[in-house]
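Below is one structure, written out as structure tokens; comments come after it.
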Amino acid sequence: MDDFTRPATPPVPPPVKTGLLRTVVRLAALAVLAFALHLLFAWAEGYILENEQGWTMPGFLVVALLIYAVLIAIPFVPGIEIGLMVLAAGGGDIAPFVWLATASGLTMAYMVGCKVPYRWLHRILLDLHLTRACRMLEEFETLSPPERAGFIAAQLPGRYLDWIVHYRYLHLAVLINVPGNSIIGGGGGIAFVSGLSGVFRAPLAVLTLFAATAPVPLTIWLFGWSLT
């Protein structure tokens, strides 16, 4: 669908100083959060790798996999790399549990994305005086999921790129498995944006996440391969 109705009342941005101040505060909060996540990742890596004997204890296994599931749900965290680290530390026998933790963490990120209010994004864009983007967001929010897919396809450069939206579940699975995807948000960021977009049906998206994360851990488990 190329014919979309724009809101009648244009958004009014705040004064430049107010918007700039709020933007600086947000960036500072993101910097603090990024540093805290770095410390959490470093601690988790040490906790998992330094307790090699703990994998035989159910309690340690549960804690380690919960930590892993939370980490992989966070945008820009290298999910595949962490999963391989956990498999290398715990052995092939825990591969099914690593798969469940991976899929559960990504599902959590997707669900959080589904619940983020668009008004938050609208406020951020207004503070940056991106009024055109605000109008597009207001327009996008009023559309149904199929209409949103059409809206996104209409924004893509070139007529033949709409296949990216048409086969979006396949592309979601591919992006989740691309090595180095932390550059574009990692598995958690990709799942989060997928939920935020509203163009995915939740049952199919969750099924896609579980299917996309299954091949490596289940292959290791079935064939007894070792990463050490």
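Go over the candidates Arg201, Arg132 one by one and state the one that is without any contact (Cβ under 8 Å) to a residue 24 or more places away in the chain and more than 27 Å from Gly92 (Cα to Cα).
Only one candidate passes the filter, namely Arg132.
Among the listed residues Val193, Val199, which satisfies the condition of being part of a loop (DSSP other than H, G, I, E, B) and not acidic (Asp, Glu)?
Exactly one of Val193, Val199 is part of a loop (DSSP other than H, G, I, E, B) and not acidic (Asp, Glu), namely Val199.
Could you tell me which of the residues Leu61, Leu65, Leu21 is part of a helix (DSSP H, G or I), in contact with a Phe, Trp or Tyr (Cβ under 8 Å, 6 or more places away or on another chain), at pLDDT 80 or above and surrounded by 12 or more Cβ atoms within 10 Å (Cβ to Cβ)?
Going through Leu61, Leu65, Leu21 in turn, just one is part of a helix (DSSP H, G or I), in contact with a Phe, Trp or Tyr (Cβ under 8 Å, 6 or more places away or on another chain), at pLDDT 80 or above and surrounded by 12 or more Cβ atoms within 10 Å (Cβ to Cβ): Leu65.
When you scan the range 206-228, how many residues do you find that are closer than 25 Å to Tyr118 by Cβ and buried (at least 22 other Cβ atoms within 10 Å of the Cβ)?
Looking only at that region, the number is 2.
Does Phe210 satisfy the condition of being closer than 17 Å to Met111 by Cα, hydrophobic (A, V, I, L, M, F, W, C), touching a helix residue (DSSP H, G or I) at 6+ places or on another chain (Cβ under 6 Å) and part of a loop (DSSP other than H, G, I, E, B)?
No; evaluated as a whole, the condition is false for this residue.
Among the residues of the range 170-181, is any in a helix (DSSP H, G or I), more than 14 Å from the chain's Cα centre (by Cα) and surrounded by fewer than 19 Cβ atoms within 10 Å (Cβ to Cβ)?
yes
The values are calculated or read from the model by the stated rules, or taken from the named source; none is laboratory data. Not measured: the values here are computed from a predicted model. Reconstructed Cβ throughout: ideal geometry from the backbone, glycine too, with neighbour counts over all protein chains shown.
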